[in-house]
Amino acid sequence: MNDNVAPPSATHNPPRISPGKRLLFSLVLCFTLFGIAELLLACFWVPPPPTDPFVGFSSSVPLLVADERSDSDGDAAESGLRINPAKLVWFNDQSFPASKPVGTYRIVCLGGSTTFGRPFDDSTSFCGWLRTLLPMVDPERNWEVINAGGVSYASYRVASVMQEFARHDVDLFILYTGQNEFLEWRTYGDLIESSDTPGVPAARALSTLATKTRVGQSIQSLVGRLRSTGRPDSKQILSGEVDEILNHTIGPASYQRNPSWYRGVEEHFRINLRRMERIAQGAGATLAVVVPASNLRDCSPFKADFGDGIDDAARQRLTRDLETARELLADDAAAQSLQVLELVLEEDQANADVHFLRGRALLEVGLEDDAAKSFQRAIDEDICPLRATTPIKQILREFLAESSVIPVDFESHLAALSQREQGHVCFGAESFLDHVHPTVEVHGEIALAILHSLADQAVVPTKPTAQQIVAATGVVESNIDLRTQSVAFRNLAKLTHWAGKFEEARRNADDALRLLPLDLESRYIVADCLVHEGQIDAAIEQYTELFKIGNFDRACRPFGELLAMQGHTEAAKGYLMQAVFVSQGLRQASAYESLGRLHESLGENELAAECFEKAAQLRQ
């Protein structure tokens, strides 16, 4: 044996790492790298303000402009900001210091016309109530409440307002939105499919989680840039101010049932809620979001129709059944009305009027919970949806559950109040002046719901006491100008009358007359609504009272026509002749035609022919 030959060395096998440990090491490495990236981005990268993927605006007129403030001696003082005078058609006149004073807590209230305070103004809005209550609840802090509600502003416009205020050291944004999402036409096409908010809940949750990290935000920003590179901007450009669909027709005729558009609007709303959360976070501000409430019981749908699959014969039959149910309900035969409505629903469930009347009938027979569901279904089936639909409110509630914002469930707050005071949750005219705008008292309830949520989050030290609420009520009511409020009720009556909602219009006009009994236009609206409701004798009484007070030119022809219909021919002649003299253009032509028909009915054929000839000349 050769001693110089080394023995073979033993093979050395390193210890094997189990798959579980490998996975653990990979996860630790990934989280470490993610943490380092997140830290670096937090130190050196500021995320750009989130943009709307669907719409842009043609106008760049700023909402806020410089305001040279003066002290008590009239000398120039610190600079300030105020709402641009060019925007005061849509916004309240508000001003505040450009540099927030030490010890001040700045609150900006955002939303549409409810936030604005319509049909009144800021002083009786929930913003005005907050401005009064906050110093009572916490007198140690200087509270500054700015009303930035824009009339008819939907979430995509509200987000732009929020972005403008975000540069001005805001501590808290309060958002009341969801009622105006269907007011303006927007096109979506296949943009919904390529948006950054998928409809699948799990994917949406991951997308929401991503937006809460700087890494996720940077990836989204990069993807957005890559998408926009080398292709024309696919956003729809809207006008600088609201262009409501309703502006283009008499009443809600432009609205057609369009489920795919509704889904686009809903997804757009979801995206804008997330945008506003990120805008608030970027500004270092807290965000409180209010779930809105609508008039359920005393506001009929704006546009209703049977489903597209109903043929003409069935449509005519169902329409007759609907009118029968309406008449039975008016005659206090709610149970029989309900039977007819249930038969209609067996054939078609798309008509909002059917659900609304069913809600009223159910309420009459004591089935309050079913009535509330039927009233909400009427809102959901309304072809002209000017109130928050169930999907819109579901999106709001999902957002509140997923996000870190302060939730303010005003709808539940009002439901509890209505249950205590009315015995049901079908709130109506006792809470709302029209389809969505609350009474002054209910604006106070919005403020209370907000303050309760702020107290729960320790933003304020405590909730208002009963004594403080009474004191605040006195302050807010002392700011009410009766003439201004009467004009607001009249304007509301004109709007609902224009929309063909005669019951609501008469109620609004009655409110105006309680404050200004001599207001001619409000009395004319009451009279015309009574005619449409078939209350002819009551209408004649209102017209007679109107002309005792003074002359109202627009009332001459309808009163003359009404008198002629009732056989009061001599009185009718007088008013129709007056209508001819006080009218111009097409209105004068209509007056001549009405007078001609009256002459014709009396056998005064030459006079009738003369009137018809003059009417024809005016219409040329």
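Coordinate-derived values only; no laboratory data. Computed from a predicted model, the values in this text were never measured in an experiment. Reconstructed Cβ throughout: ideal geometry from the backbone, glycine too, with neighbour counts over all protein chains shown.
Debye-formula intensities of segment 312-381, expressed as log10 I(q)/I(0) at q = 0.22, 0.23 Å⁻¹, are -0.86, -0.94 (one equal scatterer per alpha-carbon, no solvent). A crude spin-label estimate for the pair VAL65 and ASP370, with each label 7 Å from Cα along the Cβ direction, gives 5.9 nm. Projecting the Cα atoms of SER522, MET577, ASN491 onto the charge dipole of segment 482-619, computed from C-beta unit charges around the Cα centre, puts ASN491 farthest toward the positive end.
Would you mind calculating the gained length between ASP331 and ALA455 on full extension (0.36 nm times residue separation, minus the Cα-Cα distance), in nm to one decimal? Can you show the working numbers first?
Numbers: separation 124, 0.36 × 124 = 44.64 nm, distance 4.87 nm.
In short, 39.8 nm is gained.
Using a simple spin-label model with pseudo-atoms 7 Å out from Cα toward Cβ, GLU610 and LYS235 lie 6.5 nm apart. Our estimate of slack between ARG554 and PHE581, defined as 0.36 nm per intervening residue step minus the Cα-Cα distance, is 8.6 nm. Multiplying the residue separation of ALA253 and LYS463 by 0.36 nm and removing their Cα-Cα distance gives an extension gain of 71.0 nm. The Cα center of segment 327-388 and the Cα center of segment 551-600 differ in position by 39 Å. Across q = 0.09, 0.17 Å⁻¹, segment 482-619 modelled as identical point scatterers on its alpha-carbon atoms has Debye log10 I(q)/I(0) values of -0.29, -0.90, in the order of the q list. Measuring r between the beta carbons of LEU343 and ILE536 and using R0 = 30 Å, the FRET efficiency lands at 0.45. Summing +1 for each Lys or Arg and -1 for each Asp or Glu among the other residues whose beta-carbon sits under 9 angstrom from that of ALA608 gives -3. Neighbours of ALA371 by Cβ distance under 9 Å: Lys/Arg scored +1, Asp/Glu scored -1, total 0.
Averaged over residues, the count of other Cβ atoms within 10 Å places the peptides 352-364, 444-456, 462-474, 81-93 in the sequence 352-364, 444-456, 81-93, 462-474, highest first.
Listed here are the pairs LYS373/LYS463; LYS303/LYS373; LYS494/LYS573; LYS235/LYS303; LYS373/LYS393; LYS548/LYS573; which of them are more than 22 Å apart at the Cα? Walk me through the numbers before you get to the answer.
On the way: LYS373/LYS463 32 Å; LYS303/LYS373 19 Å; LYS494/LYS573 28 Å; LYS235/LYS303 29 Å; LYS373/LYS393 14 Å; LYS548/LYS573 18 Å.
Exceeds cut-off: LYS373/LYS463; LYS494/LYS573; LYS235/LYS303.
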